[in-house]
Structure formats: C-alpha cells, structure tokens
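*Asks:* Below: one structure in structure tokens.
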Amino acid sequence: MKTIAPLFALSATLLLAACGNNPPVPDWQMNAQSSIERSTAAYMSGNARVEAAEYQRAREALASTGKVDLMIRAELIRCAARVASLVFEDCAGYDKLSQDAGPADRAYAAYLSGRATAADAALLPAQHRPVATASGDAAATGAVQAIADPMSKLVASGVLLRAGRATPEVLRDAVDAASAQGWRRPLLAWLGVQAMRAEKSGDTAEAQRLKRRIDLVSEKP
C-alpha cells in the first residue's frame, strides 16, 4: 500500500533486498512494513480482527528498535486510515507518544484533527499542503481532486469533512476512490454522508438510490 510511504520512515530503498556491498535488511524493517500494510488493508476492508493482529505485529517489530519516531509514524498511519473512513476519534496511540514527536509528525497529527496551521502546512507531505492552505472550499476541492493516490485522497477528503468544508464533489470523488479500491469501510462511510445530505436536501429518490447501494456493499458472502 504505497500511500504510507510519505509517513513511514522505512523507505522503499531500505526495504530492497541486499545486494552488492549493501548490508542485509534487518528483519524488523520488513516485518514492520509488511504488517502495517496488511493492517491498513484489513482496516479499509472492514476486517477489524486482522487489522488488530497485524498492527500488534508491527508494534512488536518497531518496539524492538526503541525508535519512538517510527512508532509515532505507525500510529499516525493508523489514525489516517480512520480519518479516511470518517472515524473522527482521538488518535490515542499517537497522543501517548506525542511529547516525543518531531515537528513534521506534530503537523500531520494536527492536519488529521482538522487543526493544521499555516506553519503546519509547510511540514506536511507534498500532496496535502495545497489542501491545508486552500483559502476556500472550491480551492480545497481542487486540491483534493489533484491527489492521485487513493488513500491520500480519502484522508484529505476526511480532513475537509471534519472541518465542515467537504463539497458534493469531494464526497463523490471519495466514494469513487473507495469503490475503485474495493475498500468497504470508507465506501460505506462516504455513501452514508451522501445519503444523509440527499435526505436533508429533500432528494428522496437520490437518498433511496444511495441506500440501495449501501445495502449492496453491506452484503456478507
């Protein structure tokens, strides 16, 4: 899941198999990276049991290094998946470690909570800076639409919704992004917001159409 790369310090370069004069890649790096990817994928698909198990494996691998900054980024990745799925709760794992967070990690945490400042925006991953600095809803919508990575798009969309700035276009694109990836959890969440807005606007036919789609996504094999 490439979207975690801007946040997680275990870069693709570090995870390449050793060759030439390069030292072997430590097992903890590969284990942590793969477990976080599987954990995030499980969460987005709605599999809470697998998500929790894989995340615990990642924590164990990272804890073996004593590197607090890596644990902080892992917690932020987990929180970002929740924002993408419109689960707006405190980032408890990060909060426990926040006193040791660096400026970029603090800025990203503020962004996820919808409280990023102009100073924070400069420290964000590149794809999120235009969203954080957008002066109006139209500009923010355009900034989100310019994001190619689906997870980053959903995270940015969630940030806008949390701040009360998500336009119908943001909702539509978030639904499309989640649908294209087969991510059941965020898809249901974003469809739910669309349905609620349709009901409030009095568009009964659209609300019913969206509810039928929600029922389809909710079906269990």
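*Asks:* Could you figure out which of (1) at pLDDT below 95; (2) under 17 Å from L154 (Cα atoms) isn't true of A81?
*Replies:* Evaluating A81 over (1) at pLDDT below 95; (2) under 17 Å from L154 (Cα atoms) leaves (1) as the failure.
*Asks:* Kindly provide the set of residues from region 162-178 that are farther than 15 Å from A81 by Cβ and either in contact with a Pro (Cβ under 6 Å, 6 or more places away or on another chain) or outside any loop (DSSP other than H, G, I, E, B) (or both), ordered by number. Before you say what the answer is, go through the steps one by one.
*Replies:* First, pick out the residues of region 162-178 that are farther than 15 Å from A81 by Cβ: 163-173, 175-176.
Answer for region 162-178, where residues must be farther than 15 Å from A81 by Cβ and either in contact with a Pro (Cβ under 6 Å, 6 or more places away or on another chain) or outside any loop (DSSP other than H, G, I, E, B) (or both): P168, E169, V170, L171, R172, D173, V175, D176.
*Asks:* While we're looking at this one, here's another question. Step by step: first the residues of region 97-110, then only those that are loosely packed, with under 12 Cβ neighbours inside 10 Å and in contact (Cβ under 8 Å) with a residue 12 or more places away in the chain, then the one that is farthest from H128 (Cα to Cα). Which residue is that?
*Replies:* Of the residues in region 97-110, the ones loosely packed, with under 12 Cβ neighbours inside 10 Å are 99-100, 103.
Now restrict to residues that are in contact (Cβ under 8 Å) with a residue 12 or more places away in the chain: 100, 103.
Numbers: D100: 23, P103: 16 Å.
It comes out as D100.
*Asks:* If you check Y55 against the conditions, is it under 21 Å from N31 (Cβ atoms), touching a helix residue (DSSP H, G or I) at 6+ places or on another chain (Cβ under 7 Å) and among the aromatic types (F, W, Y)? Explain how you work it out, then say what you get.
*Replies:* Values: under 21 Å from N31 (Cβ atoms): yes; touching a helix residue (DSSP H, G or I) at 6+ places or on another chain (Cβ under 7 Å): yes; among the aromatic types (F, W, Y): yes.
Here the answer is yes, as Y55 does meet what is asked.
*Asks:* Sticking with this structure for a sec: Among the candidates S85, S113, which residue alone is touching a residue at least 60 places away in the same chain (Cβ under 8 Å) and of a type in the set (S, T, N, Q)? Full working, then the answer.
*Replies:* Numbers: S113 fails: touching a residue at least 60 places away in the same chain (Cβ under 8 Å).
After applying the criteria, what remains is S85.
*Asks:* Among the residues of region 48-64, are any modelled with pLDDT of 95 or more, over 28 Å from D100 (Cα atoms) and not small (G, A, S)?
*Replies:* yes
*Asks:* Here's something else I'd like to know. Can you tell me which residue among Q208, Q181, Q145 is of a type in the set (S, T, N, Q), in contact (Cβ under 8 Å) with a residue 60 or more places away in the chain and either out of contact with any Pro (no Cβ under 6 Å at 6 or more places or on another chain) or surrounded by 14 or more Cβ atoms within 10 Å (Cβ to Cβ) (or both)? Write out each step before concluding.
*Replies:* Working: Q208 fails: in contact (Cβ under 8 Å) with a residue 60 or more places away in the chain; Q145 fails: in contact (Cβ under 8 Å) with a residue 60 or more places away in the chain.
The match here is Q181.
*Asks:* Ok, one more. Which count do you get for residues in region 184-205 that are part of a helix (DSSP H, G or I), surrounded by fewer than 13 Cβ atoms within 10 Å (Cβ to Cβ), over 25 Å from the mean Cα position of the chain (by Cα) and not charged (D, E, K, R)? Step through it out loud before you land on a result.
*Replies:* At the first step, the residues of region 184-205 found to be part of a helix (DSSP H, G or I) are 184-200, 204-205.
Next, only the ones that are surrounded by fewer than 13 Cβ atoms within 10 Å (Cβ to Cβ) stay: 196, 200, 204-205.
Narrowing the set further to residues that are over 25 Å from the mean Cα position of the chain (by Cα) leaves 200, 204-205.
Still in the running and not charged (D, E, K, R): 204-205.
The qualifying residues number 2.
The values are calculated or read from the model by the stated rules, or taken from the named source; none is laboratory data. Since we're looking at a predicted model, the values are computed, not measured. Because the Cβ atoms are built from the backbone with ideal geometry, glycine has one as well, and the counts that use them run over all protein chains shown.
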